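First the structure, in the form of structure tokens, and then the observations on it.
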Amino acid sequence: MTHRSPTPSAPHPSFPRQAPVDEQLTFLLGYAVMAPSGHNTQPWQFSVHDSSVWLYVDPARTLPALDPGGRERIMSCGAALFHFRIAMRHVGVTPEVHWFPDRETEDAVAHMHDVEQGRKALARISMGERMEPTLTDETLFSAIQRRRTHREAFEDETVPTSDLNRLQDAAATEGATLEILSDAEQCSRLLDLVVRANEDMLADADVRRELAEWTASASDDAGVAGSTRGWSRWQTLSAGWLQALPGLGPDPWQRETAAIRNAPVLAVLTTTEDDVAAWLRAGQALDHVLLRATSYGLGASFLNQPVKVPRLRQEVRSLCRDDAWPQIVLRMGVATTQEPKSGRRPIPIRKD
């Protein structure tokens, strides 16, 4: 039996309803930046002008070794976009989203390169017509501040099929598919891919250095502090120089690799395409799934290692229906504890 969220709260009493639209939008961005992101890099920027929010990739917050193609960076921006959409609906306005709004050329490859480098916007979001928030809107909004990446063990409880069906509906609403791996052989193959990907990635000195940068050197407003990974104080302090040496620990994925064996639910989020637009949809789908899972008392964490290694990603793809593109691998179950919040930097507003 999952534990449902409390009755959603009334619309935010601090929302500045009498203020100019740009000020209202900036207020709502405070919820957008609570979204999950790869290693808590928060790779988004915003421009607020002409009564709209323009969403950009932040070119300074990259993971060249862990995310060389920028796929997870775009997905993180998609998650922030979904947070923002829900916050807008919560205060009673319809979000109007225009994808890739400043495209000036028919050269799609050149345009997407500009998007990935932060020179062109991923989306422009404006306030549409007034609307009454639905119970679903309020439930998702109430989950924003409670959502965490759950790296601990799960309760020994079966997740109801009805909940899993609703999580799949959430992904489908955003143009993606959440595939639940229910076959024991599939789960065993996925575990093998996680272990192999760990070995491949941790053999790369650049990967180890990048992990150290975003874990051992995590700040109060970015990165993933060792305490949120269950590391001891000694492990956190020593992670920087330990990860600089091959074959030594602590392995920041060791707990996740072991926990997969007992995860009540293993799932793969997929899309039919594999380009910037698909990644942006996948990020919104992921966020929708995570917020809805939170409202059901479920926790989730990521097992993305095999999706990061191209040759192993193809093997993950073979586990999915219709030869879809795997974007995220999730482990889910009833959360045992609520982990501490990861830090958040101030809202990054561009000066155009």
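Tabulated values for the structure
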| item | result |
| --- | --- |
| Residue in segment 310-331 that is surrounded by the most Cβ atoms within 10 Å (Cβ to Cβ), counting only those that are closer than 25 Å to Thr139 by Cβ and not charged (D, E, K, R) | Gln327 |
| Selection within segment 182-212 - farther than 18 Å from Leu66 by Cβ and buried (at least 20 other Cβ atoms within 10 Å of the Cβ) | Leu190 |
| Where a residue in segment 194-208 is on the phi < 0 side of the Ramachandran plot and assigned by TED's automatic domain parsing to the domain that holds Gln314 and its partner, wherever it lies, is surrounded by fewer than 16 Cβ atoms within 10 Å (Cβ to Cβ) and among the small types (Gly, Ala, Ser), with Cβ under 9 Å and at least six apart | Leu202/Gly247; Ala203/Gly247; Ala205/Ala244; Arg208/Ala244 |
| Within segment 298-352, tally of residues that are assigned to a strand (DSSP E or B) and closer than 24 Å to Leu269 by Cα | 16 |
| Helices (runs of 4 or more DSSP H) lying entirely in segment 157-237 (those with 3 or more residues that are within 28 Å of Thr271 (Cβ to Cβ), touching a His at 6+ places or on another chain (Cβ under 9 Å) and at pLDDT 85 or above) | 161-173 |
| Looking only at segment 26-41, and only at residues there that are farther than 13 Å from Ile349 by Cβ and small (Gly, Ala, Ser), the one that is surrounded by the most Cβ atoms within 10 Å (Cβ to Cβ) | Ala35 |
| Single condition Arg350 does not satisfy, out of (1) touching a residue at least 60 places away in the same chain (Cβ under 8 Å); (2) basic (Lys, Arg); (3) out of contact with any strand residue (DSSP E or B) (no Cβ under 9 Å at 6 or more places or on another chain) | (3) |
| Contacts under 9 angstrom Cβ, first residue in segment 296-309 being surrounded by 22 or more Cβ atoms within 10 Å (Cβ to Cβ), partner of a type in the set (Gly, Ala, Ser) and part of a strand (DSSP E or B), 6 or more apart | Leu298/Gly333; Leu298/Ala335; Gly299/Gly333; Gly299/Ala335; Ala300/Ala267; Ala300/Gly333; Ala300/Ala335 |
| Segment 129-156, residues that are part of a strand (DSSP E or B) and surrounded by fewer than 16 Cβ atoms within 10 Å (Cβ to Cβ) | Glu129, Arg130 |
| Matching residues in segment 257-293 - criterion: being of a type in the set (Val, Ile, Thr) and at pLDDT 95 or above | Val268, Thr270, Thr271, Thr272, Val289 |
| Filter result (assigned to a loop (DSSP other than H, G, I, E, B) and within 15 Å of Ile125 (Cα to Cα)) within segment 34-70 | Asp50, Ser51 |
| Residue list for segment 303-337, filter: within 16 Å of Ile180 (Cβ to Cβ) and under 18 Å from the mean Cα position of the chain (by Cα) | Leu303, Pro326, Gln327, Ile328, Val329, Leu330, Arg331, Met332, Gly333 |
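The values are calculated or read from the model by the stated rules, or taken from the named source; none is laboratory data. Nothing here was measured: the structure is a model prediction, and the numbers come from that model. Backbone-built Cβ (ideal geometry, glycine too); neighbour counts: all protein chains shown.
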